[in-house]
1. Which of the helices (runs of 4 or more DSSP H) found entirely inside the range 363-463 contain at least 3 residues meeting this: within 36 Å of the chain's Cα centre (by Cα) and exposed (fewer than 13 other Cβ atoms within 10 Å of the Cβ)?
2. So in the range 204-234, with the set limited to residues that are over 22 Å from VAL281 (Cα atoms) and charged (D, E, K, R), which one is nearest to the chain's Cα centre (by Cα)?
3. Can you tell me which of ARG371, ARG399, ARG377, ARG393 is of a type in the set (D, E, K, R) and touching a helix residue (DSSP H, G or I) at 6+ places or on another chain (Cβ under 6 Å)?
4. Any idea which residue in the range 280-321 is surrounded by the most Cβ atoms within 10 Å (Cβ to Cβ), counting only those that are within 11 Å of ALA504 (Cβ to Cβ) and of a type in the set (A, V, I, L, M, F, W, C)?
5. Give all pairs with beta carbons closer than 7 Å in which a residue from the range 175-194 that is touching a residue at least 60 places away in the same chain (Cβ under 8 Å) meets a residue that is among the hydrophobic types (A, V, I, L, M, F, W, C) and part of a helix (DSSP H, G or I); count only pairs at least 6 apart in sequence or on separate chains.
6. Filter the range 465-484 down to the residues that are among the charged types (D, E, K, R) and over 30 Å from PRO245 (Cβ atoms) and list them by number.
7. Does LEU507 fit the bill of being in a helix (DSSP H, G or I) and under 30 Å from GLY291 (Cα atoms)?
8. Whether any residue in the range 22-36 is farther than 23 Å from ARG157 by Cα and without any contact (Cβ under 8 Å) to a residue 12 or more places away in the chain is what I want to check.
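The values are calculated or read from the model by the stated rules, or taken from the named source; none is laboratory data. This one's a predicted model, so the numbers in the text were calculated from it and none came from an experiment. Because the Cβ atoms are built from the backbone with ideal geometry, glycine has one as well, and the counts that use them run over all protein chains shown.
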Amino acid sequence: MTNSLTMASSHVLLAGSISNTTENELIDRAHAFVDTFVEEVLKVGGGFVIYVAAEPVNADEKPLLFDWTVAKAVDKLIPGNSSQVRLKIVASHERLQNKANPQQRQLLMSMIARGVAELVSLDDEVLTGGNVGDEQIEHATAMVVLGGGKGVLDRARKMAKKQLPVLPLDLQLGANSEDGSGALGVLKNFNSNPLNYMPNSGNKVVKALPALSLQEPVISLHDISKRIVKIFYEEEQSRLAALPPDVLVLTALDVELAAAKQAFGIAEDAEHTITENGFHVWKAPITKRGGKTASCVVACFAGAGNVDAASVTSMLLGELRPANVMMLGIAAGLRGKCALGEVILAERIVAYEGAALIEGGEIEVRPEITRLNMRVRQDLSSYLSNRTTLVSRLTESYRAMGIEFPDQVEAGPVAKGVLPKTATVGSGEKLLRDPEKFLGLREIHGKTEVAEMEGAGLFAACANFGKPVLMVRGISDFGDSNKDNRFHLLAAQTAAAVTADYIANGLTL
């Protein structure tokens, strides 16, 4: 088991009971398993949900429920203070006073005082078995079923309805209430329909069940416990992998994709996914302020132009269903308004090539103009307002990526700082190498400072799917013949660095 395996913030409901007629050997094995399972779950940062009242025992004083066994194991394994709640105790004050003994109450109150446990109080007047189960399920993220009767079947059904993982074990314990098949019934259903109980990995788990036998063990209880922990971990990882990403990050050219992979920490030999439509996508989690993780995927149009941009973006939006879209790459900047290596955040897209051919040979320009939606404008304004910290972060990001600006180049002025700015971007199908044509774009929209070839298609596709979108461009040239190819990679890198920083510190999820 690797150190990366974790069940942090997970709370397992270990549901079940034991019949009065069950052999002591099986009872002892069940409680020994619970002890080892609690130990393994705590090792990886997880916890438990229990319900406590009386603790029934058989004629030999063998306990017939597991909740107090879990509580004692947690107390033993975490004897000091804790900053993380490992035990959620569902209980009613009346039953705690009337059913639990003083030593048991002292055990619980001590754990609560140390921060190890918290009390989830139930109203005595409406206390029923169903209410207890509902409250446990409200706080549980996974369930192990061991023995029990109808109550266990009901809890398993409710957990499955919430698409939370349920793992039944085969130990033949009966039920304290003698009222149903319990874990064995769930096990039968699991074998028939594993995805009902493990929605993301059930077909794999069902093949592993024989090795988890407690009735006729073939491996140690510790190994069984470790395998169960791993099953829950892999189910959660499969669930997360199936979720739509928070951000789809798009590029057009291979140099832009290389810069994106560098900024997002994607190794050149990193594994990646190929979608149904054949697109290569790389997963790249970004840690946001406060510790939350933004799930990102990076993809490439593999070609320039608004047609490809609209088509590929639409297909990826349909397949991946991201919450947000960003595009990064290089662009031409208007000489005198932009500098090489400067980063532009597109506040407006002007699709400038729309026109009507009028009788007599005249052309009537009919541009399509798209602004950022309100939420993106708010995020962007807030992001750019924190100038000191923004410059500090980007300076460090540029240094880490090896981005260095030369003092001067023949192609034109070079950016003197790292602070990005907003600008209006003209988007069309023609590669601009004529400064007069570039300047002419300002006759269509007077604020145009940047020209590129994918923004119109990108924004149109996102509008059709109702997705918020932001485009980030690094200035690589001035739309004339004085190009300096050194700035293709540098401009792509600066755009990528700003994109990653914006996701971490500006984008609202």
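1. Numbers: elements: 374-385, 387-400, 435-444.
Filter on the range 363-463 gives 374-385, 387-400.
2. Kept after step one, since they are over 22 Å from VAL281 (Cα atoms), are these residues of the range 204-234: 204-233.
Narrowing the set further to residues that are charged (D, E, K, R) leaves 204, 207, 216, 223, 226-227, 230.
On the way: LYS204: 22, LYS207: 28, GLU216: 39, ASP223: 29, LYS226: 25, ARG227: 24, LYS230: 19 Å.
Only one residue tops the list, namely LYS230.
3. Numbers: ARG371 fails: touching a helix residue (DSSP H, G or I) at 6+ places or on another chain (Cβ under 6 Å); ARG399 fails: touching a helix residue (DSSP H, G or I) at 6+ places or on another chain (Cβ under 6 Å); ARG377 fails: touching a helix residue (DSSP H, G or I) at 6+ places or on another chain (Cβ under 6 Å).
Residue meeting the stated conditions: ARG393.
4. Checked the range 280-321; the qualifying residue surrounded by the most Cβ atoms within 10 Å (Cβ to Cβ) is CYS296.
5. As it stands, the answer is GLY182/VAL152; GLY182/LEU153; ALA183/VAL152, since those pairs meet every condition given.
6. Keep residues of the range 465-484 that are among the charged types (D, E, K, R), which gives 467, 473, 477, 480, 483-484.
Of everything in the range 465-484, those that are among the charged types (D, E, K, R) and over 30 Å from PRO245 (Cβ atoms) turn out to be ASP477, ASP480, LYS483, ASP484.
7. Working: in a helix (DSSP H, G or I): no; under 30 Å from GLY291 (Cα atoms): yes.
So LEU507 fails the test.
8. yes
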